[in-house]
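Below you'll find the structure, written out as structure tokens, and then a few comments.
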Amino acid sequence: MFSVVREGEFVHVTLGTLSDTPTIRPTAHIFVGSKAPWYAITDELPQHDEFG
């Protein structure tokens, strides 16, 4: 449900696990190059094959 990244500098928390409404919104999709072919992204956010 969470991951520690960048040598312990950050903790990523899955937004779906929060009980409050998030105060931030997604700004892009990453790893689109390896998504399931049947999964459709239906918004206008930028899409990146990889991270970075």
Across region 6-42, the tally of residues that are assigned to a loop (DSSP other than H, G, I, E, B), more than 10 Å from the chain's Cα centre (by Cα), exposed (fewer than 10 other Cβ atoms within 10 Å of the Cβ) and among the β-branched types (Val, Ile, Thr) stands at 4
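Taking only region 31-40 into account, find how many residues are aliphatic (A, V, I, L, M) and closer than 17 Å to residue 52 by Cβ.
Summing the residues that are aliphatic (A, V, I, L, M) and closer than 17 Å to residue 52 by Cβ in region 31-40 gives 1.
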Pairing a residue in region 7-30 that is under 18 Å from residue 51 (Cα atoms) with any residue that is loosely packed, with under 10 Cβ neighbours inside 10 Å and among the acidic types (Asp, Glu), where Cβ atoms lie under 8 Å and the two sit 6 or more apart in sequence or on different chains, gives 30/50
Selection from the chain of residues acidic (Asp, Glu) and in contact with a helix residue (DSSP H, G or I) (Cβ under 9 Å, 6 or more places away or on another chain) yields 49, 50
Reported set for region 3-52 where residues are touching a strand residue (DSSP E or B) at 6+ places or on another chain (Cβ under 9 Å) and among the aliphatic types (A, V, I, L, M) is 4, 5, 11, 13, 28, 30, 32, 41, 45
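Throughout, read-outs are computed from the coordinates displayed, never taken from laboratory work. As the structure is a computational prediction, the values presented were derived from the model and not from experiment. We place every Cβ from the backbone using ideal geometry, glycine too, and count neighbours over all the protein chains shown.
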